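Notes follow once the structure below has been shown.
Laboratory data are not the source of any read-out in this text; all were calculated from the coordinates shown. Just so it is clear, the model here is predicted, and its values are computed rather than measured. Ideal geometry is used to build each Cβ from the backbone, glycine not excepted, and the neighbour counts take in all protein chains shown.
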Amino acid sequence: MTTSLDSAPLEEQIAQWRLYLRRRRAIHGPDVEELEGHLRDQIAVLSQAGLTGDEAFLVAVKRMGSLDALSREFAREHSERLWKQLVLAPDAGDEPSKTTLTETLAVLSLAVAAALTIKLPALFGFRLGGGDEPFYARNGSLFVLPYLTAYFAWKRGLGVATCAWLVLSFAAAAVFANVFPFGPHSDTGALTALHLPIILWLVVGIAYLGGRWFASGRRMDFVRFSGELFIYYALIAFGGAVLTALTMMMFKAIDINAQWLAEGWLVPCGAMGAVIVGAWLVEAKQSVIENMAPVLTRLFTPLFTVVLLAFLATMVWTGSPIDVKREVLIVFDLLLVLVVGLVLYAASARDPQARPDFFDALQLLLVVSALVVDAMALWAIAARISEFGFTPNRVAALGENLILLVNLMWSAWLYARFLRGRCSFAVLEQWQIAYLPVYPIWATVVVVLFPLVFHYR
Amino acid sequence: MELGKDLVAASATPLVLAILAEGDSYGYAIIKRVTELSGGHLEWTDGMLYPVLHRLERNGLVAAKWGASESGRKRKYYRITKEGRAQLAFQRQQWHVVDSTLRGLWMNACEI
């Protein structure tokens, strides 16, 4: 094997090579793994013969042959691969079909379990649509995310210790969601409902990454997964809406009101089960809609930039100040979330080695205009904050605004440096990845401390 | 001495099948064995072995299974099937015909 001294750059070189291989549409994941195994065997033998990591890598790659010729051979052998299939047919021979069947069954039972769990509180007198919505809102993520975590824990083969921590996190979340005596219109209760999913999504992420959250190189994989899941979920939700509407109309034709079926079963159970099924689809068919989130990012970055610039221009032209109402902070928080999302997904799909291009300049313009708009909103709010006093909603919104602002300001700075060739894009990506844990930490503060500080208001 | 492209391609199937007939193996070991047996005269571009293996697998001549290497990495192992052995016997006859024909020709050429 290679000595530990030169193994780090070697790993980087292998990762780079794997990335190039992945881009070939004819060469699929398991084949990449097989070829990588070959490369590693070759490197190991060459290193034993006295070559350094670099030399061994170069010789091994050279012996592997040109990637173009290789992918042509693969395409000839697997011509079907150039048409990506949406059907979940097991790739012949890649894995024994038994595993696929087991996984299908496991996923379906987890989805059914999640769908039934949301009906469980009804047995104890909590009724959806009967005044217990705050309870359902606070616990919503607890109905489904434990099952999603269980799926990944099973798929990644997590150890007992890690699993114990995951279970403990969910138990703690369940306690904090329900132990405080929230009133029916409690703001802190609503904040818990909004922030608990952010924390639990981190728990899902830990399971997704096989318990290795701190190996930050793979965190971006989880970001990609989240984006793809969102897209799949939106697609499934659209199908579900069509199904629900059709059900209602058909039963109406025979004069039977099926509203209870739709509202009590179809929508809540479907919403829960779809999370599991969506996650499974992302896992099973990573390559099908793999590039969807980055494509949407590319599409909407220019559009949002135009809208922001138009907003700024209108504000300057007409001189009308921002009317500070209750929702204003939320709107600007959402704007920042969106811009951070666009930056994050643009980073997730970008080749870190590529030179700065027009799109990067556009990203910087988007970030800077969002910062200017947000600074104006903050200014307006700060000017009148004494009149408002501090409410839980305002403190939470201000805190989030601050967190996102810090992220975007530093991102803008790094973008500017990158565009002038002062630093590599990898630095920007690392910044985004390193910043990810800040969101769940703030969410924890909101869920755990806010109800106590604000007396469950 | 380097063999022509067509000859390398034609001999790939019987070579791979014959090596797997000796026992289950995986990509890297197969290539090592080929180099070893040919005394280094038959050098394949490593990557090209895999499309060949996948073709044999699709045709049911070999079966593949994921296992673990000594260092614990995932590794795909190949095993020859019954059809594979039949195909190997058939190919062996064919190569024998080619070999004996050429041999006869060249023996005569020497005598003249």
- request: Could you tell me how many degrees, from 0 to 90 and to the nearest 10, lie between the Cα long axis of helix A:29-48 and the main elongation axis, the longest principal axis, of the Cα atoms of chain A?
  value: 50 degrees
- prompt: Rounded to the nearest 20 Debye, what is the dipole magnitude of chain A about its Cα centre when Lys and Arg each give +1 and Asp and Glu each give -1 at the C-beta?
  reply: 400 debye
message: At 1.567 mPa s and 4 °C, plugging the Kirkwood radius over alpha-carbon pairs of the range A:287-453 into Stokes-Einstein gives what diffusion coefficient in µm²/s?
response: 75 µm²/s
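More than 17 angstrom separation, counting every C-alpha pair in chain B; what % is that? Each step should come with its number before you reach the end.
Details: 3712 of 6216 pairs.
Tail of the P(r) past 17 Å holds 60 percent of the pairs.
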field: Farthest toward positive dipole pole in the protein assembly as shown [+1 Lys/Arg, -1 Asp/Glu at C-beta], among B:V62, A:L296, A:A346
entry: A:L296
Lys pairs, the protein assembly as shown - Cα-Cα below 23 angstrom, 8 or more residues apart or on other chains: 26
query: Could you give the angle, 0 to 90 degrees to the nearest 10, between helix B:27-37's Cα long axis and the longest principal axis of the Cα atoms of chain B?
result: 30 degrees
statement: Using the Kirkwood radius over Cα pairs of chain A, the Stokes-Einstein translational diffusion coefficient at 37 °C and 0.692 mPa s, in µm²/s and rounded to a whole number, is 130 µm²/s
query: If packing is taken as the mean number of other Cβ atoms within 10 Å per residue, what is the order of A:447-455, A:135-143, A:245-253, highest first?
result: A:135-143, A:447-455, A:245-253
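Would you please give the FRET efficiency between A:D357 and A:E263, computed as 1/(1 + (r/R0)^6) with r the Cβ-Cβ distance and R0 = 30 Å, to the nearest 0.05? Walk me through the numbers on the way to the answer.
Values: r = 49 Å, r/R0 = 1.64.
With R0 = 30 Å, the Cβ-Cβ based efficiency is 0.05.
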